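Structure record follows, encoded as structure tokens.
The values are calculated or read from the model by the stated rules, or taken from the named source; none is laboratory data. Everything numeric in this text was worked out from a predicted model, so none of it was measured. Cβ: placed from backbone, ideal geometry, glycine included. Neighbour counts: every protein chain shown.
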Amino acid sequence: MSSAGVVFPESGPARAGEDAQRSTSALGRAVVSDALRRSDPIGARAAAAETNWRRGYVTHFRRMIEAGLTSGDAERAIAADGLAGLYQRMRFVARDGSETDLDTALAAAGPVLGTEVVPGQGTVDRDFSLPYRGERLSGDALRWQLDAWTERGVIEPSCAEAVRAVVANPDWLDLSDVRMVALGAGAEMGPVHSLLRWGADVVAVDLPRPAIWTRLLETNSRYAGRLHIPVTGNAGALADRAGADVLHDLPSVLRWIESLDGRLVLGNYVYADGATNVRVSVAVDALAVGVRRARPDTGLAFLATPTDAFAVPGDAVAHSDRAYRVHGGIARVRQPLRMVSAGRLLRRNYAPGSDPGICDSIVPQQGPNYALAKRLQRWRATDARAAGAQVSFHVAPPTRTRSVVKNRALAAAYAGAHLFGVEVFEPATSNTLMAALLVHDLRNQRVAAEHPWEDEAYAAAHGGLWRAPYAPRSALGLAALIGFGGARG
């Protein structure tokens, strides 16, 4: 069996000696069509008929944002129907080769996981500080940096306000009333380091790979929090026994999380390359569905990628328009570049006066599987809010994570992004900033906005993509050329 766990549905007959064909493109077309059918039937037919999904997907993912802007109910229908389309199609293959739907998998039994609780050896730090360019900013220095980012359009004003509220209320960093379940605990963008620094109990779930757990245990030893770790067996080094594979052992991980004490908040920080990203994202989402069925008070937390399409407030559109009107810098060569590129380069980010506008920051090279995995998280956040759940959802800044750096084109674009009004963050800055926003949300449950786009825009830390003068894809190629040149230099 070449594939087990959560898998794509069969899309064609098996070839001799091989498993049945499972097309990622067929799934993507079908799910996006499902999502659009009620709100935009013409768009649904266009997605279903797309002949080159790997190149053409960008248009359809943007169209879902446009269709959702007609009303809050339309956007919530897109989210609900997209989720339903995934759940109706995705399958689970047990290790014995039997195949079922996801609901049946959630109800199944699996190997029982044990628990190890590992206390840290450090002291509790409840004074919020932000690592930035070799320093740890706090007090007036941090407030000045938040003001500077806001003025430059790197973060939304509501993001700065939320962080200031955390700084002003250090007692909020005491999270003893919740159990934070970090799914993808070893992720660079996750909040685990900060939560342990603040003395929290962190339920850490990640793959059973000793290198991951060696790093997490070393981090834990320096701080005052406690790690709760799923383990298999009781003999040998903890790093060798730790971990759980949500993708392949979904029922076991669900039973283990259901057994935990206290109120839970499930944080989704998973990532994988290619088609596996969709599979593991669906597995984690199914896990959240299962936990919330058993424990409805469970909260959810997500980090949205900035390289997606978002509706943005009129204030961001106005900021972008002012930046476009500034003469100097790259604007000196704007007209010649637009002429030689037939208008493709350095286009306005928005039509002046749009409210809301649509910032389309999708990077086609990241592919339709990445886009679907991240859109799934947005759909779940919207659907859970509509059901009354506590949800923390924020757009995270462009960040030099390992997954970005190994993509040469994207790494180069990030290296040149500053010339186009975009700041790219280091991982330590991003994950601490987003951990502060998580704390703010846990202490301030917001009533769902009339339209879901407003919830997605709240406290966004987009790095400047929303307020930059140029549509991101119209500047990305130039940024990459400049970045490549800088690297060669």
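Observations
- For Gln145, the conditions (1) in contact with a Ser or Thr (Cβ under 8 Å, 6 or more places away or on another chain); (2) outside any strand (DSSP E or B); (3) of a type outside the set (Lys, Arg) are fulfilled apart from (1).
- Restricting Arg473, Arg443 to residues that are on the phi < 0 side of the Ramachandran plot, out of contact with any Phe, Trp or Tyr (no Cβ under 9 Å at 6 or more places or on another chain) and of a type outside the set (Phe, Trp, Tyr) narrows the list to Arg473.
- Which numbered condition Asp81 fails, given (1) more than 28 Å from Val291 (Cβ to Cβ); (2) at pLDDT 95 or above; (3) of a type in the set (D, E, K, R): (1)
- Per-region count, the stretch 386-406, residues over 29 Å from Arg292 (Cα atoms), touching a residue at least 24 places away in the same chain (Cβ under 8 Å), assigned to a loop (DSSP other than H, G, I, E, B) and out of contact with any helix residue (DSSP H, G or I) (no Cβ under 7 Å at 6 or more places or on another chain): 0
- Every pair of residues 6+ apart whose Cβ atoms lie under 7 Å, when the first sits in the stretch 91-105 and is more than 11 Å from Val7 (Cβ to Cβ) and assigned by TED's automatic domain parsing to the domain that holds Thr24 while the second is at pLDDT below 95 and surrounded by fewer than 16 Cβ atoms within 10 Å (Cβ to Cβ): Gly97/Met1
- Among (1) modelled with pLDDT of 95 or more; (2) under 25 Å from Gly416 (Cα atoms); (3) not assigned by TED's automatic domain parsing to the domain that holds Gly267, the one test that Asp308 misses: (3)
- Qualifying residues in the stretch 434-484 (those that are of a type in the set (A, V, I, L, M), in contact with a Pro (Cβ under 6 Å, 6 or more places away or on another chain) and outside any helix (DSSP H, G or I)) - the one farthest from Leu419 (Cα to Cα): Ala461
Rundown of residues vs (1) more than 19 Å from the chain's Cα centre (by Cα); (2) among the hydroxyl-bearing types (Ser, Thr, Tyr); (3) surrounded by fewer than 18 Cβ atoms within 10 Å (Cβ to Cβ), yes/no style:
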| site | (1), (2), (3) |
| --- | --- |
| Ala275 | no, no, no |
| Phe302 | no, no, no |
| Val333 | yes, no, yes |
| Leu346 | yes, no, no |
| Ile362 | no, no, no |
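- Listed by position, the strands (runs of 3 or more DSSP E) contained in the stretch 193-286 that have at least 2 residues being without any contact (Cβ under 8 Å) to a residue 60 or more places away in the chain are 201-205.
- Positions within the stretch 250-268 being closer than 17 Å to Asp101 by Cα and surrounded by fewer than 23 Cβ atoms within 10 Å (Cβ to Cβ), in sequence order: Pro251, Ser252
- Members of the stretch 11-46 that are at pLDDT below 95 and under 23 Å from Arg62 (Cβ atoms): Ser23
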